[in-house]
Amino acid sequence: MRTKVAIIGAGPAGLTLAKLLDLQGVDCIVFEQRSRDYVEQRTRAGILEQPTVDLMAEVGLVDRIHAEGIKHDGFYVTFDEATHHLDFNALVGGHATVYAQQELVKDLVSDRLANGLPLMFEADVTAIENRVDGASVTVRHEGRTFEVEADFVACCDGYHGVGRAAIPAESRTEIEQTYPVAWLGILARTTPVTPEGMYCAHENGLSVHSMRGARITRQYLQVPADTDLADWSDNRIWDELAVRSAGASADGLERGEIFDRSMAPLRSYVNETMQHRRVFLLGDAAHIVPPTGAKGLNLAVSDATVLAHGLAAHFLGNDRRWLDDYSATCLPRIWQAQLFSATLTATLHRLTDDPLQWRLNRARLQSWVTSEAQRRALGEVYLGLPFPVGWQYAAS
Ligand code: APR
Ligand code: PHB
């Protein structure tokens, strides 16, 4: 088997890249180690930036986002028992759209399959050969193992995937920090406490009150990193969500059936070497943001846009410059998102008992409420900085 681009992973990064390549006539195959059902059900974050929604509109995949997504102007923040709305739309334009990541994955998967394009589930890439003049991947599928020759390999295989190892350790520049806390996340059949998402910066730690629909909430609690989920009964979760959200707008926190629960670690990570020879890293394979602010999916889509443009320039225009500059093109936007996520994380969580840090966080929260300039700066990144390049290659 041979293809121009072998794509490892059918998450937002891999599927978006496949769509953008298809629209430009560059053939690719997507290999996904999990089943279709698994990737379409996996619970993840779900806030789309405006540029992500705009891209899906450009490629004809926005109908369900418009029909089922929930458009928010900004978010609420509660501290010192008062709730404030930060309206970013009024200052910078655009929205944050609540649309679960697995819904976007469903849209991209069904589109690709409806178009008869290659996407293999339960196809595990076990090895990558990364040569100067080409590449190949070894795939295990239904008990068979086979090789696929490719001009390029796009590793969209997440933080634990095989992609990163295809770049020699001595060439990689990796920066990483893990936080001493995790997020305990739930999905519940309750009505959202506020019309848009709310962050509560409480002395017990952060609580996040988000939603997936009029009667489905997605809520998170900051917990110690070594927390055992089994120690958190439904009642304990609801009690703690109520304590942390005690404030003007949150008196009505409803309790109901919790039908999904999980733990997620908090980590900031960037591998600045996002390419080596024929291998490119995208999305979580190249960088992780802590979940505060929900940037992960959007960064994955942004990387896919840059690589699609670079591959199209190479194949259609015989122009290697964009591919050569892939990492350099992606990194400034990645670092802005890292800064935003780290700032939100540090400000909203209780990460130390240091009273100075607590007061400084209060002062920063206050500045978001009182200063239009601060709000504008926050809103620009929350609603989404422009993608570094358009996905479409146009010969100049
Ligand atoms: N072979 C084939 N597929 C693989 C392999 C492999 N060896 N290793 C991993 N995968 C698949 C995983 O099963 C997963 O479906 O790669 C996919 C990676 O998808 P995501 O984890 O969704 O990563 P990405 O597309 O970069 O999207 C980033 O995902 O982790 C969230 O919050 C994060 O929203 C962010 C988004
Ligand atoms: C979510 O809805 O999953 C969500 C909302 C806000 C965040 C992170 C995740 O900061």
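Need one number: nm distance between label points at E272 and A214, each 7 Å from Cα along Cα→Cβ, rounded to one decimal.
About 5.1 nm, to one decimal.
Report the calculated FRET efficiency for T191 and R42 (r = Cβ-Cβ distance, R0 = 22 Å), to the nearest 0.05.
For T191 and R42, the calculated efficiency is 0.30.
For the range 216-232, just list the computed ³J(HN,Hα) in residue order, Karplus coefficients 6.51, -1.76 and 1.60, θ = phi - 60°, integers in Hz, with x standing in for Gly and Pro.
Going residue by residue, I get 9, 10, 10, 10, 9, 10, 5, 9, x, 4, 8, 5, 9, 3, 5, 7, 10 Hz, with x marking Gly and Pro.
With θ set to phi - 60° and the Karplus curve 6.51 cos²θ - 1.76 cosθ + 1.60, what are the ³J(HN,Hα) couplings of the range 31-39 in order, to the nearest whole Hz, using x for Gly and Pro?
Values per residue, Gly and Pro as x: 10, 10, 6, 8, 7, 4, 4, 4, 5 Hz.
Taking H as built 1.01 Å from N, whose amide H comes closer than 5 Å to the amide H of A127, not counting residues under 5 places away?
T138
Given a cut-off of under 8 Å on Cα pairs at least six residues apart, what relative contact order in percent is computed for the range 178-266?
Contact order relative to length: 46 percent.
Under 23 Å between C-alpha atoms is the cut-off here; go through the chain and count lysine pairs that meet it, provided they're at least eight residues apart or on different chains.
Counting lysine pairs in the chain gives 6.
How large is the accessible surface per residue of the chain, computed with a 1.4 Å probe and reported in Å² as a whole number?
41 Å²
Ignoring everything except DSSP H segments at least 4 long, calculate the 222 nm mean residue ellipticity for the chain; use -39,500 (n - 2.57) per segment, divide by total residues, nearest 500.
The helix contribution divided over the chain gives -11000 deg cm²/dmol.
What are the ³J(HN,Hα) values, in whole Hz, obtained from phi via the Karplus relation 6.51 cos²θ - 1.76 cosθ + 1.60 with θ = phi - 60°, for each residue of the range 346-361 in sequence order, with x given for Gly and Pro?
Here the 3J(HN,Hα) series is 5, 6, 8, 8, 9, 9, 9, 8, 5, x, 5, 4, 4, 5, 5, 5 Hz.
On the accessible surface of the chain, probed at 1.4 Å, how many percent belong to carbon and sulfur atoms?
48 percent
In the chain, which longest range has no trypsin sites (Lys or Arg not before Pro) that are both DSSP loop (not H, G, I, E or B) and surrounded by at most 15 other Cβ atoms within 10 Å?
Here the longest run is 43-130.
Of all DSSP beta bridges located in the chain, what percent are antiparallel, nearest 5?
75 percent
Just to be sure I follow: if Rg is taken over the C-alpha atoms of the range 178-266 and Rh is the Kirkwood radius over the same atoms, what is Rg/Rh?
0.93
How large are Rg and Dmax for the chain when calculated on the C-alpha trace, in angstrom?
Both quantities, over Cα of the chain: 21.2, 63 Å.
At most 14 other Cβ atoms within 10 Å plus a DSSP loop assignment makes a site exposed; report the longest stretch of the chain without any exposed GluC sites (Glu not before Pro).
258-396
So between A264 and E122, what do we pick up on full extension, going 0.36 nm a residue minus the alpha carbon distance?
48.7 nm
For the range 242-386, rounded, prolate or oblate, judged on the Cα gyration tensor with a ≥ b ≥ c (square roots of eigenvalues), a/c < 1.5 rounded, else prolate if a/b > b/c?
prolate
Placing +1 on the Cβ of each Lys and Arg and -1 on the Cβ of each Asp and Glu in the range 178-266, which of N204, L187, V223 has its Cα farthest towards the positive end of the resulting dipole?
Farthest towards the positive end: L187.
Nearest 0.05, what FRET efficiency do H141 and R320 give at R0 = 41 Å with Cβ-Cβ as r?
0.80
Residues with beta-carbon under 13 Å from that of V5, excluding V5: net charge, scoring Lys, Arg +1 and Asp, Glu -1?
Within the 13 Å Cβ shell, the charges total 0.
Using +1 at the C-beta of Lys and Arg and -1 at the C-beta of Asp and Glu, which of T16, L48, S35 has the Cα lying farthest in the positive direction of the dipole of the range 1-50?
Of T16, L48, S35, it is S35.
Contour minus end-to-end for A169 and T370, with contour as 0.36 nm per residue of separation and end-to-end as the Cα-Cα distance?
Extra length available between A169 and T370 comes to 67.7 nm.
The values are calculated or read from the model by the stated rules, or taken from the named source; none is laboratory data. Here the structure is a predicted model, which is why all the values come from computation and not from measurement. Glycine also receives a Cβ, built like all others from the backbone with ideal geometry; neighbour counts cover every protein chain displayed. These accessible areas exclude ligands, DNA and RNA; they are computed on the full protein's heavy atoms, side chains included. Shrake-Rupley method; radii C 1.70, N 1.55, O 1.52, S 1.80 Å.
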